[in-house]
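K.L.:
First the structure, then my questions, so here it is.
The values are calculated or read from the model by the stated rules, or taken from the named source; none is laboratory data. All figures in this text were calculated on a predicted structure; none of them were measured in a lab. Cβ sites come from the backbone with ideal geometry, for glycine too, and all protein chains shown count toward neighbours.
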Amino acid sequence: MRQAALVAALRRAQVLGHIGAGDIDNYIQHAQAHLQAAQPAQNSKWCDLGSGGGLPGLVVAAERPDLELTLLDRSVVRTQFLADALRDIGAEENVEVVTSDASELAHHPSYRALYDGVFSRSFGPPSVTVECAVALLSLGGRLVVSEPPEPAEDRWPTQPLRTMGLDHPTVIEGPPRFVSMSLVEFPDIGVPRKWTRISKNPLF
């Protein structure tokens, strides 16, 4: 029953333009692979950065009800969709839907350094994803990012990642491909910068 409701919710996301026109089963399988790559510990806290139409967030909520999960998006329209979809699939327990800019939420004392992990699928370029996600992580927390099928040289340069407090990224070849990195040192209090500066002057 939950699987059928999940498929229906993602089809509705397509109609609303929150996700692309691809095959729903493939979307679900990719989200499941994202969850497998992350391997969240039981009852840990995770955030889906830029959750949009609920990939991988809705799938994670359906498959791992033990997690304390935050679905984060700046669009009120999308977060309302996510809240409705969670109720439809019966997965709203332990899930918070937050409407906010990630670069602002990361400075909020209730969210900064809160999460054991952050999922990211199509949030933005690596530099933008790192800067918005890193201050949400607790020490030892992991950022797990969905990657393009083909590897690209210097996509995750070591030195800027170290500056942000992250260790060397681990590539999970799959397919599908993901990259995972852990927070070994808290970033500077000024991280992340305001969204306009992040987008106009990326770190790398």
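K.L.:
May I ask you to list the residues in segment 19-38 that are aliphatic (A, V, I, L, M) and not in a helix (DSSP H, G or I)?
P.N.:
ILE19, ALA21
K.L.:
Scan segment 160-178 and give yes if some residue there is of a type in the set (Phe, Trp, Tyr), part of a loop (DSSP other than H, G, I, E, B) and either in contact with an Asp or Glu (Cβ under 8 Å, 6 or more places away or on another chain) or farther than 20 Å from PHE123 by Cα (or both), otherwise no.
P.N.:
No - not one qualifying residue is present in segment 160-178.
K.L.:
Further question: Filter segment 155-204 down to residues that are touching a residue at least 60 places away in the same chain (Cβ under 8 Å) and closer than 14 Å to ALA135 by Cβ and give me whichever is surrounded by the most Cβ atoms within 10 Å (Cβ to Cβ).
P.N.:
Looking at the filtered set, the residue picked out is PRO192.
K.L.:
Limited to segment 19-52, what total is found for residues that are under 19 Å from ALA85 (Cβ atoms) and either surrounded by fewer than 20 Cβ atoms within 10 Å (Cβ to Cβ) or not polar (S, T, N, Q) (or both)?
P.N.:
Residues meeting the conditions: 22.
K.L.:
Consider LEU55 carefully, then state whether it is buried (at least 23 other Cβ atoms within 10 Å of the Cβ), among the aliphatic types (A, V, I, L, M) and either more than 18 Å from ALA91 (Cβ to Cβ) or touching a Ser or Thr at 6+ places or on another chain (Cβ under 6 Å) (or both).
P.N.:
Taking the combined requirement at face value, the residue does not satisfy it.
K.L.:
Mind checking which residues of segment 1-18 are surrounded by 20 or more Cβ atoms within 10 Å (Cβ to Cβ) and either touching a Leu at 6+ places or on another chain (Cβ under 8 Å) or not in a loop (DSSP other than H, G, I, E, B) (or both)?
P.N.:
Across segment 1-18, the qualifying residues are LEU6, ALA9, LEU10, ALA13.
To keep it simple, each residue is scored yes or no on (1) closer than 24 Å to GLY140 by Cα; (2) out of contact with any strand residue (DSSP E or B) (no Cβ under 8 Å at 6 or more places or on another chain); (3) modelled with pLDDT under 95.
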position: LYS45; (1), (2), (3): yes, no, no
position: GLY50; (1), (2), (3): yes, no, no
position: ALA62; (1), (2), (3): no, yes, no
position: THR79; (1), (2), (3): no, no, no
position: LEU86; (1), (2), (3): no, no, no
position: GLY90; (1), (2), (3): no, yes, no
